[in-house]
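Presented below is the structure to which this report refers.
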Amino acid sequence: MKAPLTHVLDDLVRKTAPVAVTSVLVLVALMHLSIPGFAELAPMLPVMAVYYWSVHRPELLPFWTVFLIGLVIDTLTGGTLGFNALMLLLVSAFMRPQQRHLAERGFAIHWVIFMIVVTLFEFLRWILMAAIAQTFLSLGDPALRVLLAIALYPCLSWFLLRIDQALFKPA
């Protein structure tokens, strides 16, 4: 017996929600909003989403979609092709094995781990960007990005948690 169309569509929305939400955050990150600090924070929005979904629903954000999201960022920003794809893949690959250890932990632990991951991510990005540019780059912007991402993560995490709960609440 075939499932009704509404069930098929419902299942499709549930399975694609993490990719869709992360993609929307990519688009928001690419907007030129006149919000103080937004330009510095914007590159971290996809990182925060990939981190969240890699911890909470890794099966719904496969590596190939993370890679494609990174390629879209590189293409739309005119950056080095594959750079953001690699960086987002590293976040996802690092967090997936941690997922079962973090599953029963509270938000404070998730936030501390996020602080570590985002700091390492931005430091690695800084090193790679300096290598590509073949010059020493200031640490000011990366440090500000890390601080803003750490400060905003509780709000974005709450938003993503609400989406997660709405779509995947236990029957």
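Quick notes on this one:
- Taking the Cα centre of region 44-160 as origin and assigning +1 to Lys and Arg Cβ atoms and -1 to Asp and Glu Cβ atoms, the resulting dipole is close to 180 debye.
- Peptides 116-128, 72-84 ordered by packing proxy, namely the average of other Cβ atoms within 10 Å per residue, highest first: 116-128, 72-84.
- Rg/Rh (Cα only; Kirkwood hydrodynamic radius) as it applies to the chain: 0.99
- Here the 3J(HN,Hα) profile of region 34-41, calculated from phi with Karplus coefficients 6.51, -1.76 and 1.60 at θ = phi - 60°, is 8, 9, x, x, 5, 4, 6, 7 Hz, Gly and Pro shown as x.
Since every read-out is calculated from the coordinates, none of them should be taken as a lab result. Quick caveat: nothing in here was measured; it's all calculated off a predicted structure. Every residue, glycine among them, receives a Cβ derived from its backbone with ideal geometry; neighbour counts consider all protein chains shown.
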